[in-house]
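Comments concern the structure below.
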2 protein chains.
Amino acid sequence: MSRLRAVELSKSYRLLNHGPTVLVSSAAGERSNVMAAAWAMPLDFDPPKVLVVIDKATHTRELIEASGEFVLNIPCRAQAAAVLRAGGADGRLVDKFAYSGLSRRLAQKVAAPRVDGCIAYLECKVISEPHNQQCYDLFIGEVVAAEADEEVFVDGRWHFDDEAKRSLHYIAGGAFFATGEAFEVEK
Amino acid sequence: MSRLRAVELSKSYRLLNHGPTVLVSSAAGERSNVMAAAWAMPLDFDPPKVLVVIDKATHTRELIEASGEFVLNIPCRAQAAAVLRAGGADGRLVDKFAYSGLSRRLAQKVAAPRVDGCIAYLECKVISEPHNQQCYDLFIGEVVAAEADEEVFVDGRWHFDDEAKRSLHYIAGGAFFATGEAFEVEK
């Protein structure tokens with residue numbers, strides 16, 4: 001069981017900077033849901049903001065519009081099958097957590113749940129932009145809390161030595177890339 | 001010398017779906033520029049749209065606002081040092097192409113140049129959204145042409161067998177991840 005450590009908000013963009021696929025979790029009243037999203041990225045450093053595309057046809061969209069909150073959870077290779085399932089069912093018809101074999105955890109600053117076992121969490125409050133939401137399915141969130149697995153995110157950097165804890169990059173049709181080799185270049 | 005092949009526009013999101021770092025190239029009149037950007041992603045499938053964050057302080061911003069066009073070039077590992085240089089100088093002070101050791105190529109449908117030697121190209125026309133541009137430095141582009149290196153993008157999928165041609169995911173301070181192992185999971 002690995003432990004989480006707080007990530008300084010102004011460094012939280014680094015959790016997403018390399019473009020991983022995320023799980024978006026949300027809740028409103030008694031209902032909660034989780035969906036997979038490849039289209040999420042940082043938008044600003046400080047205060048940190050993120051972008052995520054949430055289709056109108058999704059249950060997640062309803063919950064985010066009702067609550068004004070969501071969590072971007074960064075899943076790892078060990079969770080790839082669950083991520084695929086979370087991307088392929090309708091949250092109005094099934095409990096996507098149960099369907100995907102994923103568990104809820106309490107978040108720190110939002111009522112939306114976290115997804116247990118992920119390697120990082122960005123808790124977000126929606127910055128209302130009705131035109132973007134309506135016209136482009138595009139949501140802007142301000143990151144209000146961030147934590148990461150202290151085994152893989154150390155001193156503001158990812159260290160993916162453990163294959164099972166590498167982040168994911170979705171391709172299509174059940175295929176992913178794992179995050180690959182880290183290397184440095186000289187300017 | 002590898003050859004480029006057209007990518008069907010409705011599949012062009014797959015070039016960006018895994019979250020690679022891009023080079024943004026732009027031109028206006030006699031001036032042209034290239035910058036590195038980790039914050040770019042797909043926004044829609046068909047017609048395909050992309051998002052990219054372009055800071056107000058950049059020369060690229062001036063050129064894109066003047067021309068309404070840009071190219072997202074997907075660079076590969078062999079170009080990592082050039083990508084870092086393209087991310088670290090001011091296009092008003094130096095010719096970033098020369099400074100980075102990168103060459104311009106003619107694009108198909110926009111006047112902005114392509115960056116030679118990249119593994120894919122998304123030629124884009126800005127969909128004007130002044131509020132997003134002013135408030136968030138956020139640009140929406142419609143993809144009007146897409147091509148990819150036929151050795152690495154085949155039948156709508158990346159195949160990164162050649163290490164030197166893997167796409168990049170920027171971390172910070174000169175460090176990157178290469179795109180890693182591809183794998184499939186069963187639903």
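Here, each number is a calculation from the coordinates, and none is a lab measurement. Quick caveat, the model's predicted, so the values are computed rather than measured. Note that we place each Cβ from the backbone using ideal geometry, even for glycine, and neighbour counts take in every protein chain shown.
Quick look at the numbers
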{"read-out": "Rough spin-label spacing in nm, given labels placed 7 Å along Cα→Cβ, for B:Asp162 and B:Phe183", "value": "2.7 nm"}
{"read-out": "Other-copy label distances relative to B:Leu93, 7 angstrom Cα-Cβ extension, nm", "value": "5.8"}
{"read-out": "Point-to-point label distance, A:Glu142-B:Arg3, nm (Cα→Cβ direction, 7 Å offset)", "value": "5.4 nm"}
{"read-out": "Note, ³J(HN,Hα) from phi for segment B:28-35, Karplus 6.51, -1.76, 1.60, rounded to Hz, x at Gly and Pro", "value": "7, x, 8, 8, 9, 7, 9, 9"}
{"read-out": "Coil-residue trypsin sites (Lys or Arg not before Pro) of segment A:54-129, DSSP, other Cβ within 10 Å capped at 14", "value": "A:Lys56, A:Arg92, A:Lys109"}
{"read-out": "Chain lengthening between B:His131 and B:Ser103 when straightened (0.36 nm per residue, less Cα-Cα)", "value": "6.7 nm"}
{"read-out": "Sparsely packed trypsin sites (Lys or Arg not before Pro) within segment B:1-31, loop by DSSP, other Cβ within 10 Å at most 11", "value": "B:Arg3"}
{"read-out": "Rounded if a/c under 1.5, otherwise prolate or oblate - segment B:60-158, Cα gyration tensor axes", "value": "oblate"}
{"read-out": "Residue-count net charge about B:Ile74 - beta-carbon cut-off 12 Å; Lys, Arg +1, Asp, Glu -1", "value": "+3"}
{"read-out": "Alpha carbon centroid spacing (whole Å) that separates segment A:61-125 from segment B:112-132", "value": "32 Å"}
{"read-out": "Bins of 5 Å, starting at 0 and running to the largest distance - Cα pair percent for segment A:4-178", "value": "1, 9, 20, 23, 23, 15, 7, 2, 0"}
{"read-out": "Residue range of chain B that is longest and free of GluC sites (Glu not before Pro) which are both DSSP loop and sparsely packed (at most 16 other C-beta within 10 Å)", "value": "B:31-149"}
{"read-out": "Placed amide H near B:Asp137: partners under 5 Å, 5+ positions off or other chain", "value": "none"}
{"read-out": "Lysines with Cα under 28 Å of A:Lys56, excluding same-chain neighbours fewer than 8 positions away", "value": "A:Lys96, A:Lys109, A:Lys125, B:Lys11, B:Lys49, B:Lys125, B:Lys187"}
{"read-out": "Efficiency of FRET from Cβ geometry, B:Ala57 and A:Ala81, R₀ 41 Å, rounded to 0.05", "value": "0.40"}
{"read-out": "Distance in nm between pseudo-label sites at A:Ala66 and A:Val154 (7 Å out along the Cβ direction from Cα)", "value": "4.3 nm"}
{"read-out": "Chain lengthening between B:Asp46 and B:Glu30 when straightened (0.36 nm per residue, less Cα-Cα)", "value": "2.5 nm"}
{"read-out": "Derived scalar couplings ³J(HN,Hα) [segment B:160-174; Karplus, 6.51 cos²θ - 1.76 cosθ + 1.60; whole Hz; x for Gly, Pro]", "value": "8, 5, 7, 3, 5, 9, 6, 6, 10, 9, 6, 9, 4, x, x"}
{"read-out": "Residue-count net charge about B:Asp155 - beta-carbon cut-off 11 Å; Lys, Arg +1, Asp, Glu -1", "value": "+2"}
